[in-house]
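K.L.:
Here you go, one structure.
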Amino acid sequence: MLLKSIVTFPLLLMLPLCFHGQNLSGVWTGTLSNDSQTVRHDQQFELALTEYKGKLYGYSRTEFIVNDTLYYVVKRVKGIVGDSISEVTDDKIIASNFLHRIDKGVKVTSIFRLNKADSSWRMDGNWKTNKTRRYYSVSGGMTLAADPNPNRSRIMSHLQELGEGKDMVFTEKKPVAPVTPEAKPPVTKKQPAPSPVVVTATERTTVVTQTITFTGDSLQLALYDNGEIDGDTVSVLLNDQVILSKQLLKQTAIRHTIHISPSEKELRLVLYAENLGRYPPNTGLLIIRDGAKEYSVRYSADLQQNAAIVLRREER
């Protein structure tokens, strides 16, 4: 029974989905839950869909952490748009960093129902795997929301690293202006890929990506590369002081604990890209734990721009 539970656990990663309402093209992000006590409850899920003539095409990405190691699976999915129900089902596994091969015979079908009150798709749906000779069927629910910046989503960045997703078309694509392209410093091309010029964090534009409130006197940080391991190296600064220097991002966590004086009300955490890796920009996942609370920050930085998180003490 224990073996069955252990083997069943990665099957959740083979998840697809369903939706309705207006056009379903876009990127949807959220979390997965399940009805079993033997599989994970903290899986992050993303779906990129294109709707065309009543059919759905696209990709899904599932991510979770076990024993300080980040695992992911990226799949191609396909589905149909019905009058009141839409379904998306696994088609093909594109990439995975699981230690063991995923059984291709296990498929997940997710169902989303039309909200008749306003003719929009309810993104809180159900999913269920098929039963096979080796595995039981497992089921659960999911809650998704539209990503306002689909082209900057983690799934689209990962697809770009994999050379996939070039055929994705979004109904409402909000153009994102490049980050101060005129400000790029001149580079003398003595070699195809010159090493980045070492500059201080203040010489780059710093963009606050998230503000987090905390209550404790210490915060635990965990850094991961949440895509293809491509050599991304990052430094972390707290209030302009380096606390982690030139860390090579990996599948396993890079950990650090911040101790905060009771008198400190606000701090700024800056992620500084030391390079761009094989697939620019420099991206990763930062998890911040404040006691029992946990916050996930997916950052993106390059040689002109830092990513920053504001840490603000909660007023009591």
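The values are calculated or read from the model by the stated rules, or taken from the named source; none is laboratory data. Since this is a predicted model, take the numbers as computed values, not measurements. All Cβ positions, glycine included, derive from the backbone under ideal geometry; neighbour counts span all protein chains shown.
K.L.:
If we keep just the residues of segment 254-290 that are within 15 Å of ALA222 (Cβ to Cβ) and touching a residue at least 60 places away in the same chain (Cβ under 8 Å), which is surrounded by the fewest Cβ atoms within 10 Å (Cβ to Cβ)?
P.N.:
Our first condition is that a residue be within 15 Å of ALA222 (Cβ to Cβ); within segment 254-290, this holds for 254-258, 269, 271, 284-290.
Next cut, touching a residue at least 60 places away in the same chain (Cβ under 8 Å) only: 255, 284-290.
On the way: ARG255: 12, GLY284: 25, LEU285: 21, LEU286: 23, ILE287: 18, ILE288: 20, ARG289: 16, ASP290: 19.
The selected residue is ARG255.
K.L.:
Here's something else I'd like to know. Provide a single number: the residues in segment 63-87 that are surrounded by 24 or more Cβ atoms within 10 Å (Cβ to Cβ) and among the polar types (S, T, N, Q).
P.N.:
1
K.L.:
Out of the residues in segment 21-64 that are part of a loop (DSSP other than H, G, I, E, B) and of a type in the set (Lys, Arg), which is modelled with the highest pLDDT?
P.N.:
So the residue we want is LYS53.
K.L.:
Pick from VAL77, VAL88, VAL73: which is touching a residue at least 60 places away in the same chain (Cβ under 8 Å), touching a Pro at 6+ places or on another chain (Cβ under 9 Å) and more than 22 Å from TYR52 (Cβ to Cβ)?
P.N.:
VAL73
K.L.:
Taking PHE112 as the residue in question, decide whether it is loosely packed, with under 14 Cβ neighbours inside 10 Å and either touching a strand residue (DSSP E or B) at 6+ places or on another chain (Cβ under 9 Å) or within 22 Å of GLY163 (Cα to Cα) (or both).
P.N.:
No.
K.L.:
Same structure again: Taking the condition modelled with pLDDT of 95 or more, more than 23 Å from the chain's Cα centre (by Cα), assigned to a strand (DSSP E or B) and in the same structural domain as ASN275 (by TED's automatic domain parsing), does ILE212 pass?
P.N.:
In short, no.
K.L.:
Here's something else I'd like to know. Does GLY82 satisfy the condition of being of a type in the set (Gly, Ala, Ser) and either modelled with pLDDT of 90 or more or in contact with a strand residue (DSSP E or B) (Cβ under 7 Å, 6 or more places away or on another chain) (or both)?
P.N.:
So GLY82 does not fit the description; no.
K.L.:
Taking strands (runs of 3 or more DSSP E) that fall entirely within segment 65-173, which contain at least 3 residues that are farther than 20 Å from GLY26 by Cβ? Please lay out each step first, then the result.
P.N.:
Values: elements: 69-81, 85-96, 108-115, 124-129, 139-146.
Once the strands (runs of 3 or more DSSP E) in segment 65-173 are filtered for at least 3 residues that are farther than 20 Å from GLY26 by Cβ, what remains is 69-81, 85-96, 124-129, 139-146.
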